Each structure stands twice: as structure tokens, then as C-alpha cells.
Amino acid sequence: MSTRRPGPTVRTRVHELGADGERRHEDRLATEEPLEIRLAWPGAPARRVWVTMRTPGHDFELAAGWLVHEGLVTAPPHTIAYCTDADLTPEQEFNVVTVTLAGPPTRDPGHRHAGSGSSACGVCGKDTIAEALAAPATARWAGDLPGPDVVRTLPDRLREAQRVFDATGGVHAAALATAEGELLVVREDVGRHNAVDKVTGARVVAGQPPGGAALVVSGRAGFELVQKAVAAGVGALVAVGAPTSLAVRLAEDAGLALYGFTTPQRTVRYA
């Protein structure tokens, strides 16, 4: 019997303990399960290139976006499908995705990608610091950027679209926005890096360019999120939280506009 595909949330029974006593009720948790990404191309059998913990949903987009951010592909994959190997356990049935390319990747994935990471992992698996600092080469965004008045509205617009967060309070979110503040795609995941991968992947799977005026994220702007924004060809990164020193350094080098501490009242531009 086929295993039911996992959803983004699961039900659980909880005991809520407050000053006025105990209350038992049903609650929802954000689902966290492993996803193994395999890569194949003509003449090369499928091989594992990454394993991450993620919230199920938009798995094909996550895989496509991750490949773009790692600089392994420049064109949409030929096919993306759940693996159907006979030796998969029922628990693995919807947790293994195979991406097949029409030709070889832009570089050999190598041994360093055949690893695993947590849902919080962004640049895990890099062999050297220099390699982690080297963002994949992508054309810079040549269109308009959002002005400060638009930038300050973006986190609230993102928050209004966070359906899984409303149900669980346990996921991050990312969105691609136009210079006028329209959200083109919104994705949620227990891993903030995964949410960004899903946003880029949604564009790639739809046959659209991954870049855009602004990437909006619900948390801080760490180096790895700046790296993904640069790899996708985004013009600005807008974060609710603070950036790190390496994030600012990379944004400056790459010509990415970087905003942090963004609320309706203010935003701080770092690059």
C-alpha cells in the first residue's frame, strides 16, 4: 500500500498550562521530514547530492532552487520526480526526489555535496571558507529596485501570506517581490534556507527567470541567504532581523541592496 504523502502540518494533542489552570486541546505542528535530492543527466546515473530537513510541500521547487543556488544548473531541469526505486521504504517514498538534467551540470557536484544538513543549514558541506564565500556567478538585477516606502511594507505583506505559520507558529517564509511591492511567489518551510530555495525553484519550474527586484525573508539576513539571493539574480534582500558581517560584505561585493530591521516605521540599509 502506498504511503500517504506528508502534509505541511500534523495534528497533536497538547496540555496548555496557564495561570488559570490546564486546558487540553488539539494543536498543529509544522511537519519536519528529510528530503534527499538526487541528480542525474545523460550518461550519469542518479546520485545523492544533498539531504536536508524540510517541511513537505513544493519539494520539486526546493530541489530546483537548491541546484540554482549551488551554481549547478543554469537551465530548468528536464524532469523532477519522486524516486520510485523498489528498495525505498514506505517512509522514503515521498522523501526522495530525483532531478534529471538535459545535459551535464555546470560543474561536477563532487563529493562535497553528497552530504546532509539540518533545516537551519545554509552552506554546510563547503570544503573551504573561500568556497563558501564564492557565490555562483549570476547576472545582476538590471531592473528597478523598491524604494524605502515599499521596502517598509514588504514584511507585513509577507506575514499576511503565511498560512502555515498561522496554523503552527513554527515556520519561516520567503517571497519574491516586484519593485512596486507585489508578491510574485511566497513559500514557507521549517528551514529559512529551504523557503528561499522553494521561492527560486517555483520560478525555475514555471519557466521564469529566478531573479527579481526583491527577496523578502521573515528572519535575519545571514550570509547564506545573501549568497542565495545573489545566485538567483535578485536586486535587494529585505529582512525582518539583522544581517551579519559576512552578509554585508558579500552584499557590497555583489551589488545587492541589503535591508534589515524592517518594519512599517523604519528599515536599515546596510549595502
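Quick look at the values:
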read-out: Single residue of segment 1-42 satisfying the filter (over 22 Å from P105 (Cα atoms) and among the basic types (K, R)) that is surrounded by the most Cβ atoms within 10 Å (Cβ to Cβ); value: R28
read-out: Residues (in contact with a helix residue (DSSP H, G or I) (Cβ under 8 Å, 6 or more places away or on another chain) and not in a strand (DSSP E or B)) located in segment 225-247; value: L225, V226, Q227, K228, A229, V230, A231, A232, V240, T244, L246, A247
read-out: Residue in segment 184-199 that is nearest to the chain's Cα centre (by Cα), counting only those that are buried (at least 18 other Cβ atoms within 10 Å of the Cβ) and closer than 10 Å to G212 by Cβ; value: V199
read-out: Test: residue in segment 167-175 that is modelled with pLDDT of 95 or more, surrounded by 24 or more Cβ atoms within 10 Å (Cβ to Cβ) and of a type in the set (V, I, T); value: yes
read-out: L215 being among the aliphatic types (A, V, I, L, M), without any contact (Cβ under 8 Å) to a residue 60 or more places away in the chain, touching a Gly at 6+ places or on another chain (Cβ under 9 Å) and farther than 22 Å from T31 by Cβ; value: yes
read-out: Check on T267, in contact with a strand residue (DSSP E or B) (Cβ under 8 Å, 6 or more places away or on another chain) and closer than 22 Å to D197 by Cα; value: no
read-out: Residue selected from segment 80-97 under the condition β-branched (V, I, T) and surrounded by 12 or more Cβ atoms within 10 Å (Cβ to Cβ), by the criterion farthest from V230 (Cα to Cα); value: V96
read-out: Meets criteria (touching a Phe, Trp or Tyr at 6+ places or on another chain (Cβ under 8 Å) and either closer than 17 Å to P56 by Cα or surrounded by fewer than 23 Cβ atoms within 10 Å (Cβ to Cβ) (or both)) for D144; value: no
read-out: Some residue of segment 252-260 being surrounded by fewer than 24 Cβ atoms within 10 Å (Cβ to Cβ), at positive phi and among the small types (G, A, S); value: yes
read-out: Spans of strands (runs of 3 or more DSSP E) in segment 1-109 with at least 1 residues over 24 Å from the mean Cα position of the chain (by Cα); value: 9-18, 21-30, 44-54
read-out: Test result for V190, closer than 17 Å to T31 by Cα and either outside the structural domain of T55 (by TED's automatic domain parsing) or at pLDDT 95 or above (or both); value: yes
read-out: Selection within segment 227-237 - closer than 15 Å to A271 by Cα and modelled with pLDDT under 95; value: Q227, V230
read-out: Test: P45 is farther than 19 Å from A195 by Cα, surrounded by 18 or more Cβ atoms within 10 Å (Cβ to Cβ) and not basic (K, R); value: no
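The values are calculated or read from the model by the stated rules, or taken from the named source; none is laboratory data. What you see is a predicted model, and the numbers here were worked out from it, not measured in a lab. Counting neighbours? That spans all protein chains shown, and the Cβs are built from the backbone with ideal geometry, glycine included.
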